[in-house]
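A.B. asks: My questions will all concern the structure given below.
The values are calculated or read from the model by the stated rules, or taken from the named source; none is laboratory data. Keep in mind the model is a prediction, meaning the values are calculated, not measured. Cβ sites come from the backbone with ideal geometry, for glycine too, and all protein chains shown count toward neighbours. Surface areas here come from the heavy atoms of the whole protein model, side chains and all, with no ligands, DNA or RNA. Shrake-Rupley method; radii C 1.70, N 1.55, O 1.52, S 1.80 Å.
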Amino acid sequence: MIQPRTVPGTLELLPREQLAFQKMIDTIRAGYERFGFMPIETPVFELSEVLLTKSGGETEKQLYFAQSTGALEQVEAARARGEAAKNPELALRFDLTVPLARYVAQYENQLAFPFRRYQIQRVYRGERNQKGRYREFYQCDIDVVGKDTLPLMYDAEMPAVISEVFRALDFGPFTIRINNRKLLNGLLRGGGIDSPEKRAAALREIDKLEKIGEAKVTEALQGPEVGMSAAAVGRLLEFLKLGRASDAVAQLEKLPETDELFRTGVTELKSVLEAIAALGVPSGTVELDLSIARGLDYYTGTIYETVLNNFPGIGSVCSGGRYDDLAGHYTKSKLPGVGLSIGLTRLFFQLREAQLLKPVDHPTAAYVTLTEPELAADARAIATELRRSGLNVELAAEPQKLPKQLKYADRVGIRFAVIYTHHERERGCVALKDLRANTQRDVQRSELAQAIRSAPTG
RNA sequence: GCGGCCAUAGCUCAACUGGCAGAGCACAGGACUGUGACUCCUGGGGUUACCGGUUCAAGCCCGGUUGGUCGCCCCA
């Protein structure tokens with residue numbers, strides 16, 4: 001026998017949990033559509049050359065390549081001839097942003113801009129197993145892509161959508177942290193860190209501030225990868241602390257820093273924060289945090305990261321940002337965008353871990369039992385009547401002992417059992433048993449649907 | 001790619017210093033004569049991950065293999 005098991009880093013659910021998961025997806029979808037976004041789906045696999053455009057070594061390391069048997073044979077034949085092995089032609093997408101870029105570039109002349117799309121699908125990353133990290137997981141992306149330009153207003157709309165969605169999901173307090181890459185990049189550039197690679201390395205270290213502490217970040221920033229002076233690091237850390245202040249923006253405006261990029265960042269951040277408030281996002285939900293940096297290097301302006309207040313350990317469950325040029329690898333057009341993505345699998349995992357998942361009622365309202373062969377036609381007719389009245393109903397396929405059927409219905413989680421045996425037939429009624437409340441009563445067959453529908457919940 | 005920890009019944013875990021492999025849950029049957037869940041009783045279930053070593057004796061000690069898990073890198 002083969003041991004039945006799933007690959008580590010995948011999430012598989014029992015039906016009742018799946019129902020809760022499905023409901024979360026529905027809530028997210030409804031929230032996205034409330035703001036006027038349209039759905040798209042893209043294939044799970046793409047041509048490797050499409051995915052590898054963002055090729056910073058890490059991507060290739062985490063990519064799952066896919067290959068048909070025929071292609072595999074060709075590769076092995078080539079290797080046998082001593083030729084260099086090439087990457088397989090196909091690979092599984094590791095996020096939904098790159099496929100979006102490809103999609104927008106491909107259908108550019110058929111899309112209306114700004115293009116507002118949402119996409120809820122699975123993505124794949126070849127990673128070492130770790131708590132709350134998956135190799136296959138759902139991303140629920142929402143993005144706006146503009147042609148040539150994209151108003152800053154959208155940078156405010158994104159967190160407004162997410163805040164609304166998280167509020168609707170109703171799992172407790174969360175914080176959308178917001179920052180602008182231009183601030184840190186401008187500051188680093190003004191501080192003499194000229195190479196983009198060094199700035200990227202610096203951003204990654206700054207991003208870890210909360211996790212590993214000031215001392216270690218200081219050490220890393222002075223290390224060979226970045227090479228900042230002790231004084232520069234000191235000024236930087238002072239700056240980062242501003243983010244916590246309530247008048248942070250006013251303080252940023254007063255800073256003597258003259259770097260042009262930095263000043264633009266301050267202006268952008270200010271108007272985005274103002275617009276977010278104007279959109280009615282409750283204060284405290286979105287919080288300026290100058291230390292969030294985001295590892296991905298294609299972000300150029302506003303960046304977001306969302307944490308569950310009660311579970312900071314799990315990391316970000318929703319993040320994203322603004323990118324000046326989304327699809328530069330696929331088209332000559334300039335397509336700036338801004339977007340956010342909910343890591344639904346991780347979010348679900350954490351909520352389940354914390355026992356915050358609300359039990360979802362079984363979608364089936366009633367189970368119609370069948371105990372005596374000669375009453376089979378009646379049972380089937382009853383089930384059909386209930387279904388035509390709009391109720392979800394499961395019907396026993398063949399006569400079986402009543403305890404067995406009640407146990408089954410209870411186990412599955414169906415609340416009502418409809419019992420119709422010769423006893424009921426003699427009394428000229430149908431018995432309706434509430435398995436949750438452990439009550440039972442006789443009702444007229446014609447009133448059965450109404451009796452189920454009007455049952456008090458709880 | 002690098003490091004720590006772990007592996008015993010379907011699941012969660014016990015088993016003293018090396019001395020007969022156990023409990024709860026789950027499952028099956030019964031107590032309950034048209035009625036699930038709750039309660040009580042009974043029962044089936046094991047190559048202690050795999051390979052080797054030490055020992056009178058190994059679930060326990062030693063070496064290896066495989067798998068899992070938690071971190072680092074990176075990230076939802």
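A.B. asks: Measuring from a point 7 Å past the Cα of A:Q440 along Cα-to-C-beta, which residues in the range A:394-410 have an amide N at less than 11 Å?
C.D. replies: The answer is A:402-403, A:406.
A.B. asks: Of A:L402, A:L435, A:A379, which is farthest on the positive side of the dipole of the range A:366-453, counting Cα position, with +1 on Lys and Arg Cβ, -1 on Asp and Glu Cβ, and the Cα centre as origin?
C.D. replies: Most positive-ward Cα: A:L435.
A.B. asks: Just want the answer: with Cβ charges of +1 for Lys and Arg and -1 for Asp and Glu, which residue in A:P256, A:I452, A:V50 is farthest toward the dipole's positive end in chain A?
C.D. replies: A:I452
A.B. asks: Each label point is 7 Å from the Cα along the Cα-to-Cβ direction; what then is the distance between the points at A:A85 and A:R29, in nm?
C.D. replies: 4.1 nm
A.B. asks: Please identify the trypsin sites (Lys or Arg not before Pro) of the range A:92-153 that satisfy two criteria: DSSP loop assignment and at most 11 other Cβ atoms within 10 Å. Which are they? Spell out each step's value before the answer.
C.D. replies: Numbers: sites: A:R93, A:R102, A:R116, A:R117, A:R122, A:R125, A:R128, A:K131, A:R133, A:R135, A:K147; in loops: A:R93, A:R125, A:R128, A:K131, A:R135, A:K147.
Passing both the DSSP loop test and the Cβ count: A:R128, A:K131.
A.B. asks: Please check chain A for the longest run free of GluC sites (Glu not before Pro) that are loop-located per DSSP (anything but H, G, I, E, B) and have at most 10 other Cβ atoms within 10 Å. Could the numbers behind the result be given before it?
C.D. replies: Working: sites that count: A:E12, A:E83.
Value returned for the longest uninterrupted segment is A:84-458.
A.B. asks: With the full set of protein chains in place, find how many percent of the accessible area of chain A is carbon and sulfur; take the probe as 1.4 Å. Before the final figure, lay out each step's value.
C.D. replies: On the way: 12040 of 23800 Å².
The C+S portion of the solvent-accessible surface of chain A is 51 percent.
A.B. asks: List residues of the range A:254-295, by number, whose backbone nitrogen lies under 14 Å from a label position 7 Å along Cα→C-beta of A:M153.
C.D. replies: Backbone N within reach: A:272, A:275-276, A:278-279.
A.B. asks: Where does each of A:M24, A:M38, A:M153 land when they are ordered by accessible area, with a 1.4 Å probe and the largest first?
C.D. replies: Values: A:M24 15, A:M38 125, A:M153 90 Å².
Order by accessible area, largest first: A:M38, A:M153, A:M24.
A.B. asks: If you don't mind, there's one more thing I want to ask. Is there a quick way to get the dipole size of the range A:45-92? I mean about its Cα centre, with the Cβ of Lys and Arg at +1 and of Asp and Glu at -1; what is the value in debye to the nearest 20?
C.D. replies: Numbers: 5 positive and 8 negative charges, 24 e Å.
It works out to roughly 120 debye.
A.B. asks: What dipole magnitude, in Debye to the nearest 20, does chain A give about its Cα centre under +1 on Lys/Arg Cβ and -1 on Asp/Glu Cβ?
C.D. replies: Numbers: 60 positive and 60 negative charges, 182 e Å.
Taking the Cα centre of chain A as origin, the dipole is about 880 debye.
A.B. asks: Tell me the per residue accessible area of chain A using a 1.4 Å probe; a whole number in Å² is fine. Intermediate results must be reported in sequence, preceding the final value.
C.D. replies: Working: 23800 Å² over 458 residues.
Heavy-atom accessible area per residue stands at 52 Å².
A.B. asks: Along the charge dipole of chain A, Cβ charges K/R +1 and D/E -1, which of A:A91, A:L240, A:P336 sits furthest on the positive end?
C.D. replies: Of the candidates, A:A91 comes out farthest on the positive side.
A.B. asks: Something else about it: Over chain A, calculate the relative contact order: mean separation of alpha carbon pairs under 8 Å at least 6 apart, over the residue count, as a percent. All intermediate terms of the calculation are to be shown ahead of the outcome.
C.D. replies: Numbers: 722 pairs, mean separation 69.9, N = 458.
Answer for chain A is 15 percent.
A.B. asks: Can you tell me the dipole magnitude for the range A:368-426 around its Cα centre, using point charges on the Cβ only (Lys, Arg +1; Asp, Glu -1), in Debye to the nearest 20?
C.D. replies: So the dipole magnitude of the range A:368-426 works out to roughly 300 debye.
A.B. asks: Okay, next question. Using a Förster radius of 22 Å, what is the FRET efficiency between A:R387 and A:E447 based on their Cβ-Cβ separation? Nearest 0.05, please. Could the numbers behind the result be given before it?
C.D. replies: On the way: r = 16 Å, r/R0 = 0.74.
It comes to 0.85.
A.B. asks: Here's something else I'd like to know. Counting only helical runs of four or more DSSP H residues, what would the 222 nm mean residue ellipticity of chain A come to if each run contributes -39,500 (n - 2.57) and the total is spread over all its residues?
C.D. replies: Value at 222 nm, helices only: -12000 deg cm²/dmol.
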